[in-house]
Every structure is written in C-alpha cells, then in structure tokens.
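A.B. asks: Below is a structure I'd like to ask you about.
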Amino acid sequence: MAEQGTAKRRATAGRRGNRWGWVLTLLAWMFGVLFVLPVAWTVFISFHREVDAATAPPDLLAPLTTEQYGRVMNGRIVPALLNSAMTAGFSTVLVVLLAVPAAYATAVKPIRGAKGVLQWVLSTKFLPLVGALVPVYVAFQKLGLLDNIWALIVFYTGMNLPVAIWMMHSFLREIPKDIMAAAEVDGASLLRILRSVVLPLAMPGIAATALICFILSWNEFMFALNLTGTVAGTSSVFLVSFITSEGLFIAQLSAASLVVSIPVVIAGWVAQDKLVQGLSLGAVK
C-alpha cells in the first residue's frame with residue numbers, strides 16, 4: 001500500500017511538472033519573440049524605400065528593395081568598419097595580455113593586499129562614463145590626440161581592463177592548483193607555467209573575456225563620438241550621419257545598423273562554444 005501511494009504521488013508530481021514545463025516553455029518563447037522582434041523589424045524596414053519606411057503606420061505591403069544597402073556600402077562605412085575593427089581588435093588583445101598576468105597575481109599566486117587591489121580595480125567602474133567625458137576630452141586635446149585611432153585604442157584598453165581582470169580572476173580560481181604545483185616541482189618557470197598550463201586550461205575563460213571586451217569596444221559610442229572626427233570615426237559614429245537636419249533616414253539607418261552588427265554576430269558565432277564554456281567555468285564549484 002505504501003508503494004502504491006508513493007507511485008501515485010510521483011505520478012501526480014510528474015503531471016504537475018509537465019504542466020509547469022509547458023508554461024515555462026511558452027513563457028520562454030514569448031520572451032524570445034519579444035527580444036527578436038525589434039531585430040526582425042529592423043531587417044524588414046531595411047528592405048524598403050525611405051518613403052515607405054517613414055509612413056505611419058508602415059506599409060507592410062510596400063515593394064521590397066535592396067537599394068538602401070547599396071547606398072550604405074557606397075558611403076563611408078568601409079573606413080568606419082576598419083576603424084572599429086582596429087580599435088576593438090587591438091584593444092582586446094592588449095586587455096587580454098594585461099588581464100591574464102594581473103588575474104594570476106590575484107587568484108593563483110595572491111600578492112599581498114590582492115583583495116584591496118581587486119576592490120580598487122572595480123572602483124574605477126563606479127564613476128559614470130559621462131562624468132569622465134570632459135576630463136578625458138581636455139586631456140586628449142592638450143596632448144594632441146583627438147581624432148587619433150591609437151589613442152582611442154589605449155583608452156578602450158583602460159576602459160575594459162577592470163572588467164577583464166575580474167572575469168579572469170574568477171576563471172583562474174577554478175584551475176586546480178595541484179597541476180601548477182606539479183609543474184613547479186618539475187622545475188617549470190613562471191612563464192612556462194603561464195604558457196603551458198594556465199593558458200590552455202583558461203582558454204574558454206580567455207575567449208569569453210575577449211569576446212565581451214570586443215563587443216564593448218565595438219559598440220562604444222559616447223567617447224568615440226566626442227574624441228574622433230573624420231579620420232578615426234568608428235562604425236557607431238557613422239550611424240549618426242543618418243540623423244540630419246533634413247530628417248531621419250530610417251531605411252538607410254536600419255540597413256547600416258545591420259551591416260555594422262555583422263562582425264559582432266560572426267565573432268559571437270565563431271566563439272560560441274568557448275563562450276559557453278567560459279561563462280560556466282566559474283559557476284560550478
């Protein structure tokens with residue numbers, strides 16, 4: 001009798017779990033559609049003429065065209081994409097090169113006052129970015145670094161370095177210390193341990209950190225708009241050119257936004273396996 005009662009309770013719990021499972025699945029699809037809907041709408045608008053895209057409500061049966069993409073590609077988008085690729089790429093490489101040794105010194109072989117160092121690094125992100133705009137602009141102006149792509153790379157490196165250090169600190173803490181201790185016993189130097197032990201084991205975390213820093217640099221707008229001009233303007237600054245005194249070119253802006261988003265989407269797709277491993281590396285003890 002006791003076994004029959006247990007079986008009935010399990011069956012009842014299973015039916016309730018299946019019922020709630022369908023509800024959660026439906027909610028997940030609803031939230032997924034809500035997130036995808038703006039992107040789908042942008043894609044739809046980008047294949048319309050400006051006169052059709054500007055109507056309110058939009059004409060859903062208007063003829064489709066690719067002329068907006070042709071206009072965007074014939075503009076100054078290529079130099080802007082190259083500038084974004086340089087700033088995001090070089091700054092990401094510098095951030096990783098600096099964050100890995102810093103995280104090693106706080107997580108694997110903690111230096112004296114490592115906790116205070118981490119807190120100080122994190123405190124540099126407490127100030128809103130807009131609060132640092134005027135001092136940074138004045139400093140760049142005095143040094144003659146306005147509209148300079150290399151100065152922007154250095155700035156992005158400093159901007160993303162605190163985030164990268166904290167992420168790498170979390171990832172390196174999960175590496176078994178016995179492996180590194182065995183390497184030390186075998187006579188491996190610090191550089192050899194970093195190159196042959198730490199880097200291979202932390203590669204998913206490094207990939208996740210690099211991708212996030214790349215996205216942050218690629219999408220940064222406020223400082224790029226105020227610190228650059230015609231020479232070092234990035235793709236995010238290029239998008240502002242479609243907001244003119246003549247009006248807002250909605251269809252061209254939609255097409256340009258999608259073109260600018262392609263490199264980030266490709267980077268995320270290529271690194272998706274490493275990204276998932278890296279983001280879950282410090283989640284389970």
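A.B. asks: Kindly indicate whether W150 is open to solvent by 80 Å² or more (accessible area, probe 1.4 Å), under 21 Å from F214 (Cα atoms) and in a helix (DSSP H, G or I). Walk me through how you get there before you give the answer.
C.D. replies: On the way: open to solvent by 80 Å² or more (accessible area, probe 1.4 Å): yes; under 21 Å from F214 (Cα atoms): yes; in a helix (DSSP H, G or I): yes.
Here the answer is yes, as W150 does meet what is asked.
A.B. asks: Something else: In this structure, does L190 turn out to be modelled with pLDDT of 90 or more, among the aliphatic types (A, V, I, L, M), in the same structural domain as Q141 (by the TED database) and open to solvent by 30 Å² or more (accessible area, probe 1.4 Å)? Don't jump to the end; show me each part of the working.
C.D. replies: Working: modelled with pLDDT of 90 or more: no; among the aliphatic types (A, V, I, L, M): yes; in the same structural domain as Q141 (by the TED database): yes; open to solvent by 30 Å² or more (accessible area, probe 1.4 Å): yes.
Here the answer is no, as L190 does not meet what is asked.
A.B. asks: Using the structure shown, decide if S84 is open to solvent by less than 50 Å² (accessible area, probe 1.4 Å), assigned to a helix (DSSP H, G or I) and touching a Pro at 6+ places or on another chain (Cβ under 9 Å). Break it down stepwise before answering.
C.D. replies: Numbers: open to solvent by less than 50 Å² (accessible area, probe 1.4 Å): yes; assigned to a helix (DSSP H, G or I): yes; touching a Pro at 6+ places or on another chain (Cβ under 9 Å): yes.
Taking the combined requirement at face value, the residue satisfies it.
A.B. asks: Which of the residues that make up segment 226-267 are part of a helix (DSSP H, G or I) and surrounded by fewer than 15 Cβ atoms within 10 Å (Cβ to Cβ)?
C.D. replies: Within segment 226-267, V240, I262, V265, I266 qualify.
A.B. asks: In segment 94-128, how many residues are open to solvent by 20 Å² or more (accessible area, probe 1.4 Å), in a helix (DSSP H, G or I) and free of Cβ contacts under 8 Å to residues at least 40 places away in the same chain?
C.D. replies: So the answer is 8.
A.B. asks: What about A183, is it in a helix (DSSP H, G or I), open to solvent by less than 10 Å² (accessible area, probe 1.4 Å) and either at pLDDT below 90 or among the polar types (S, T, N, Q) (or both)?
C.D. replies: Details: in a helix (DSSP H, G or I): yes; open to solvent by less than 10 Å² (accessible area, probe 1.4 Å): no; either at pLDDT below 90 or among the polar types (S, T, N, Q) (or both): yes.
Judged against the criteria, A183 is not a match.
A.B. asks: Give the number of residues within segment 207-225 that are farther than 14 Å from S261 by Cβ and either surrounded by fewer than 19 Cβ atoms within 10 Å (Cβ to Cβ) or out of contact with any Gly (no Cβ under 6 Å at 6 or more places or on another chain) (or both).
C.D. replies: First, the residues of segment 207-225 that are farther than 14 Å from S261 by Cβ: 207-213, 216-217, 220, 222-225.
Checking which are either surrounded by fewer than 19 Cβ atoms within 10 Å (Cβ to Cβ) or out of contact with any Gly (no Cβ under 6 Å at 6 or more places or on another chain) (or both) leaves us with 209-213, 216-217, 220, 222-225.
So the count comes out to 12.
A.B. asks: Examine segment 162-174 for a residue that is modelled with pLDDT of 80 or more and assigned to a loop (DSSP other than H, G, I, E, B), and state whether such a residue exists. Give the derivation first.
C.D. replies: Of segment 162-174, the ones modelled with pLDDT of 80 or more are 162-174.
Still in the list and also assigned to a loop (DSSP other than H, G, I, E, B): 174.
Yes; the residues of segment 162-174 include at least one that is modelled with pLDDT of 80 or more and assigned to a loop (DSSP other than H, G, I, E, B).
A.B. asks: Report yes if some residue within segment 58-68 is under 20 Å from S241 (Cα atoms), crowded, with 17+ Cβ neighbours inside 10 Å and over 21 Å from the mean Cα position of the chain (by Cα); otherwise report no. Break it down stepwise before answering.
C.D. replies: Within segment 58-68, the first condition is being under 20 Å from S241 (Cα atoms), and the residues that meet it are 66-68.
Checking the rest, the ones that are also crowded, with 17+ Cβ neighbours inside 10 Å come to 68.
When the remaining residues are screened for being over 21 Å from the mean Cα position of the chain (by Cα), the result is 68.
Yes, the conditions are met somewhere in segment 58-68.
A.B. asks: Among what's in segment 24-48 and is open to solvent by less than 100 Å² (accessible area, probe 1.4 Å) and either assigned by the TED database to the domain that holds I243 or not aliphatic (A, V, I, L, M) (or both), pick the residue that is farthest from E246 (Cα to Cα).
C.D. replies: Among those residues, the one meeting the criterion is T25.
The values are calculated or read from the model by the stated rules, or taken from the named source; none is laboratory data. Predicted, not measured: the structure shown is a model, and the values here were computed from it. We place every Cβ from the backbone using ideal geometry, glycine too, and count neighbours over all the protein chains shown. Just the protein is used for accessible areas: all its heavy atoms, side chains included, with ligands, DNA and RNA removed. Shrake-Rupley method; radii C 1.70, N 1.55, O 1.52, S 1.80 Å.
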